[in-house]
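Have a look at the structure below before the remarks.
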């Protein structure tokens, strides 16, 4: 998912989509694409919106990429991007945010056997997070203690992809449904329809760059 504007990264995103911002010689999205390719995954669709024409430059190194445009990104949350690719949720599928700076390719692996989401343990956080109950993700919310920080890389089985094709439109059609994060559909609003496991990683495996100041800091490392 690469449609958003990335307003918190201004001025770096004034003329450049956040996933295409360069960090230490690599564009952010390239670190994720390299992890997918290392896992022999090349059936990749990039959902674009803001400055979408710039993403075509990726084809030089990743000629297998497909693009889908989401013009609703201006007024809607990222659930609108998922609404554009419902037809592509037809088998086991990774769903990834394109603005994650991946430092460990092992966060993507070729074979997964259950629906899961990346997270790392933390004692306290103000970010989006979840807890575990009987081995499955529960209590998805923003801010908690003794929980797991959510990273925007998840895998969904063929069966759960079919369920997402039903649940995403149902939530999207509700009042304020277009303003939801897509993850809230399987992890909160329709949680009873899914059993999602944690795939634990380390905090340093992925760097979330949420502000221009954080961008400057990681560029200096």
* **Out of 162, 184, 134, sole residue that is surrounded by 13 or more Cβ atoms within 10 Å (Cβ to Cβ) and more than 14 Å from the chain's Cα centre (by Cα)** => 162
* Structure fact -> All conditions in (1) closer than 26 Å to residue 161 by Cβ; (2) touching a helix residue (DSSP H, G or I) at 6+ places or on another chain (Cβ under 8 Å); (3) buried (at least 16 other Cβ atoms within 10 Å of the Cβ); (4) without any contact (Cβ under 8 Å) to a residue 40 or more places away in the chain are true of residue 27 except (1)
* Structure fact -> residue 85 meets each of (1) within 23 Å of residue 185 (Cβ to Cβ); (2) at pLDDT below 95; (3) out of contact with any helix residue (DSSP H, G or I) (no Cβ under 9 Å at 6 or more places or on another chain) with one exception, condition (2)
* For residues in segment 25-48 being in a loop (DSSP other than H, G, I, E, B) and more than 15 Å from the chain's Cα centre (by Cα), which is farthest from residue 86 (Cα to Cα)? -> 25
* **Within segment 9-24, considering residues that are free of Cβ contacts under 8 Å to residues at least 40 places away in the same chain and either touching a strand residue (DSSP E or B) at 6+ places or on another chain (Cβ under 8 Å) or not in a loop (DSSP other than H, G, I, E, B) (or both), the one surrounded by the most Cβ atoms within 10 Å (Cβ to Cβ)** => 17
* Asked: Are any residues in segment 68-80 buried (at least 16 other Cβ atoms within 10 Å of the Cβ) and under 17 Å from the mean Cα position of the chain (by Cα), and if so, which ones?
  -> 68, 70, 73, 76, 77, 78, 79, 80
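The values are calculated or read from the model by the stated rules, or taken from the named source; none is laboratory data. Small disclaimer: the values here were computed from a predicted structure and weren't measured. No Cβ is skipped: glycine too gets one built from the backbone with ideal geometry, and neighbour counts run over all protein chains shown.
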